[in-house]
Amino acid sequence: MSSPLPTLTRLRERVLRSSRNRKRWVLIVFDAVALSFLCWLSFSMRFGQPFVPNASQVFIILAAPAIAIPIFARMGLYRAVLKYLPDRAVWTILQVVSLAVLTWVALAFLTAMTGAPGVPRSIPAIFWVLSVLVITGSRFGAKWLLWRNMRERSGLTKTLIYGTGDAATQLAGALRSTSEREVVGFLTKDQSLYGMDILGIRVYAPSELKRLIQNMGVEEIIITTPSLGGAGERELLAEIGNAPVNVRILPSIVDLAEGKYIVSHVRDIDIDDLLGRSPVPADPALLRKMIEGRSIMVTGAAGSIGSALCRIIARMKPARLVLFDTNEHGLYQIGRELHPDASFPLVPVLGSVTDAELIRRVLVENGIETIYHCAAYKHVHLVELNPLEGIRNNVFGTDTLAAAATECRVPNFILISSDKAVRPANVMGATKRWSEKIVRHHGTRQLDDPYERNFACVRFGNVIGSSGSVIPLFKEQIANGGPVTITDEQMTRYFMSVREAAELIVQAGGLSQSGDILLLEMGQPIRIRDLAEDMIALAGLTVRDARNPEGDIEIVTIGMREGEKLHEELFYDPDGVSATAHSKILRARRANGNGADLPAMLRRLREATDRADTAEAVKLLFKHTER
C-alpha cells in the first residue's frame with residue numbers, strides 16, 4: 001500500500017501551481033459548502049439530533065452562503081494571498097463573518113414576519129461561532145499545510161531580532177513574507193516583556209542567547225536598535241562574538257525614510273554601528289545652499305573624506321565638479337565611479353596643491369566658487385619621520401591654495417582640519433594648526449581685499465576607514481590572524497563615520513562665517529582597546545587573553561610612539577564653544593588678533609624648509625601653534 005505522503009505532496013504542488021483565479025474559486029466553493037453545512041449543523045446542535053429541514057428551512061440554510069459570499073468578496077476575503085496572510089487577518093475575518101451572520105439573521109427575522117417558520121434565537125450564536133472557527137481555520141490551515149513544509153525544505157534561516165520597537169515589529173512582519181528567514185524570537189533588555197509574545201513570536205532575554213542557538217538552531221541575529229554604543233549592546237556583541245551566528249543590522253530609520261532601503265533589507269554589521277552616535281538627518285537646505293548650481297573643487301578628491309564629499313556633491317546637482325589630487329589611480333577610480341550618473345562637467349585634475357600656477361589656472365578656467373580643501377598628509381608617524389614634506393604639503397600647500405583662491409576671488413573656502421591641531425604633540429597636528437591659522441588669516445583680510453568671502457575651517461576627529469585611521473590596520477591584523485597592536489590600554493580617540501563627516505562638512509560650510517573654526521560634535525571618545533575587541537568580535541573571532549587562553553586573536557600593547565597623545569581634544573577652551581543651528585556643529589570662539597604676523601612667520605618657516613634645516617623648521621612649527 002502506497003504511503004499517503006507522496007499523494008499529499010503531489011496535491012500540494014498541484015494547488016501551488018494553480019492559477020490565482022482557480023484558487024479563488026476553490027475558496028468560494030469551499031465557503032459555500034462549509035457555510036451551508038454549518039448552518040444545518042447549528043440546527044442539529046440546537047435540537048440535539050440530525051435536523052431534517054422543510055422547504056422554508058432549506059431556503060434559510062442556503063441563504064447563509066448566498067448572503068455571506070458576496071460580503072466576503074466585497075470585504076476582500078478572496079483578494080488575500082494565503083501565503084502572506086498576517087495574524088491580524090483574524091480580526092478582519094471576525095468582522096466579515098459577524099456582518100454576514102447579522103445579515104442572515106435579519107433575513108430569517110423577515111421570513112418569520114411573513115409567516116414562514118423562524119430561526120430559534122440560539123442558532124445564530126452557534127452558527128456565528130462555528131463560522132468564525134471554520135473560515136479562520138480554513139485560511140490559516142491552508143497556509144500552514146501548503147507553505148510550512150515548503151519552507152522547511154527550502155532551509156529557512158532561523159533568525160532572532162534584537163529589539164522590540166516599531167522597527168523590530170515591522171521587520172518581523174516583512175520577513176514573514178519572504179522565503180529566506182524564519183523569525184524565532186525577539187531579544188530585548190526590557191524585563192517586562194520576557195516570556196510574552198509579539199506577533200505570535202516569543203520575547204527572550206539576551207542571556208538566553210546560547211540556549212536559543214543550541215535548542216532552536218539560530219543562525220542569524222538582526223539588530224534593530226539605532227546604535228550599538230551602549231554597554232548593553234557591547235555585552236550582546238561580546239556574547240555574539242563567541243557564538244556561531246551571523247550578525248546583521250537594520251539600516252537607520254533615516255535611511256528607510258529616505259527610501260534608500262526597504263524594511264526587510266538588512267546589512268552586515270560594521271564598525272560604524274559601534275560608535276554610539278545618534279544619527280541626525282542632513283539638512284537638505286544647507287546642502288543645496290553650498291552645492292546646487294555651484295562650480296566646486298575638492299582637493300584630495302581620491303582620499304576617504306574627499307571621495308565621500310564628491311559623492312555627496314554629485315547627488316546635489318552642482319554646475320561643475322573638479323576632482324584635484326596627486327594620486328593618479330585614486331583620481332581615476334573616483335572619476336570612474338561618479339561619471340555614469342554625472343549630469344554636469346566632471347573635471348579630473350592631476351597635480352599638487354603646492355603648484356601655484358596650476359591652481360590659479362584651474363580656478364579661473366572652471367570658475368570655481370567653492371573649494372573643499374581635503375588634501376593633506378595625515379599619517380602621524382610618517383609625517384613625524386618626514387617633517388619637511390609634511391610642512392611643504394600641509395602648510396605651504398594650504399597657503400598656496402588659499403592665496404590663489406583670494407587672488408581669483410573664490411567666495412567659499414572650507415579647510416578640513418583635525419582634532420590633532422589642538423595643542424599639537426606631533427608634526428602632523430602642528431601643520432594642521434598652521435593651516436587653520438592660514439585660512440583664518442585669508443578669511444579676515446577684508447580690509448586688504450574687501451570682496452565677499454567665506455574662508456572657514458571644519459575640525460573633527462578620526463574618520464572610520466580614513467587613510468590615517470587605526471581601523472584599516474586593525475582589519476589587516478585580524479585578517480592575518482593577529483596580533484592586534486595598540487599603543488596604550490587607556491588611549492582614547494574620537495570617531496565618526498565618513499559619510500556623516502562629509503555631510504556635516506558641507507552643512508558646516510553653510511553655517512560658517514569667514515574666519516570661523518567649526519567643530520563637529522564627535523560624541524564620547526572611544527577607548528582603542530574596546531575598539532579592537534569589538535572589531536575582533538565582528539569578525540566572528542574571540543580575544544585571546546588570560547581569561548580566554550583558547551581565543552583566536554591576541555591584543556598586544558606596544559607602547560606610545562613619538563608624537564602620540566593619550567587623549568585628543570577638539571577645542572582649546574571648552575567654555576569658548578557656542579552652538580549653531582545644527583545640533584552636531586559647534587563654533588569655536590575666535591582668538592584675539594587678526595594674524596597680521598602670519599606672513600612673516602611663513603617666510604621664516606619656508607626659509608628653514610628650503611635650507612632643509614629640519615630642526616629649525618620643526619622648532620618654528622611648534623613655536624607658533626598657540627591659540
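The values are calculated or read from the model by the stated rules, or taken from the named source; none is laboratory data. All values derive from a computational prediction rather than experimental measurement. All Cβ positions, glycine included, derive from the backbone under ideal geometry; neighbour counts span all protein chains shown.
For residue 349, are the conditions met, namely being of a type in the set (Val, Ile, Thr), under 29 Å from residue 429 (Cβ atoms), out of contact with any Ser or Thr (no Cβ under 8 Å at 6 or more places or on another chain) and assigned by TED's automatic domain parsing to the domain that holds residue 421? Here the answer is yes, as residue 349 does meet what is asked. Residues in region 356-378 that are surrounded by fewer than 20 Cβ atoms within 10 Å (Cβ to Cβ) and of a type in the set (Lys, Arg): how many? Residues meeting the conditions: 2.
Yes or no, residue by residue, for (1) modelled with pLDDT of 80 or more; (2) of a type outside the set (Val, Ile, Thr); (3) in a helix (DSSP H, G or I); (4) outside the structural domain of residue 27 (by TED's automatic domain parsing):
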{"site": "92", "(1), (2), (3), (4)": "no, no, yes, no"}
{"site": "107", "(1), (2), (3), (4)": "no, yes, yes, no"}
{"site": "111", "(1), (2), (3), (4)": "no, no, yes, no"}
{"site": "130", "(1), (2), (3), (4)": "yes, yes, yes, no"}
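For region 405-450, the tally of residues that are within 17 Å of residue 514 (Cβ to Cβ), in a helix (DSSP H, G or I) and of a type outside the set (Ser, Thr, Tyr) stands at 10.
Does residue 58 count as assigned to a helix (DSSP H, G or I), loosely packed, with under 14 Cβ neighbours inside 10 Å and at pLDDT 70 or above? Break it down into steps so the answer makes sense when it comes.
Working: assigned to a helix (DSSP H, G or I): yes; loosely packed, with under 14 Cβ neighbours inside 10 Å: yes; at pLDDT 70 or above: yes.
So residue 58 passes the test.
Of all residues in region 208-218, those being modelled with pLDDT of 80 or more and surrounded by fewer than 20 Cβ atoms within 10 Å (Cβ to Cβ) number 1. Only one of the listed residues (464, 414) is modelled with pLDDT of 85 or more, under 28 Å from the mean Cα position of the chain (by Cα) and more than 21 Å from residue 557 (Cα to Cα). That residue is 414.
Of all residues in region 543-560, those that are at negative phi have Cβ atoms under 7 Å from Cβ atoms of residues that are among the acidic types (Asp, Glu) and not in a loop (DSSP other than H, G, I, E, B), 6 or more apart or on another chain, in 543/533; 544/554. Do the conditions hold for residue 330, that is, is it within 27 Å of the chain's Cα centre (by Cα), more than 23 Å from residue 408 (Cα to Cα) and surrounded by 23 or more Cβ atoms within 10 Å (Cβ to Cβ)? No. Inspect region 388-403 for any residue being among the acidic types (Asp, Glu), crowded, with 24+ Cβ neighbours inside 10 Å and in contact with a Leu (Cβ under 9 Å, 6 or more places away or on another chain) and give the result as yes or no. Within region 388-403, one or more residues are among the acidic types (Asp, Glu), crowded, with 24+ Cβ neighbours inside 10 Å and in contact with a Leu (Cβ under 9 Å, 6 or more places away or on another chain). Kindly evaluate residue 63 against the criterion of being in contact (Cβ under 8 Å) with a residue 24 or more places away in the chain, surrounded by fewer than 19 Cβ atoms within 10 Å (Cβ to Cβ) and touching a Leu at 6+ places or on another chain (Cβ under 7 Å). Yes, satisfied.
Quick check: is even one residue across region 259-268 of a type in the set (A, V, I, L, M) and at pLDDT 60 or above? Walk me through how you get there before you give the answer.
Filtering region 259-268 down to residues of a type in the set (A, V, I, L, M) leaves 262-263, 266.
Still in the running and at pLDDT 60 or above: none.
There is no residue in region 259-268 that is of a type in the set (A, V, I, L, M) and at pLDDT 60 or above.
Among 473, 518, which is among the aliphatic types (A, V, I, L, M) and farther than 26 Å from residue 554 by Cβ?
Numbers: 473 fails: farther than 26 Å from residue 554 by Cβ.
After applying the criteria, what remains is 518.
From the set of residues in region 182-196 that are over 23 Å from the mean Cα position of the chain (by Cα) and among the hydroxyl-bearing types (Ser, Thr, Tyr), which is surrounded by the fewest Cβ atoms within 10 Å (Cβ to Cβ)? Going through the qualifying residues, I end up with 192.
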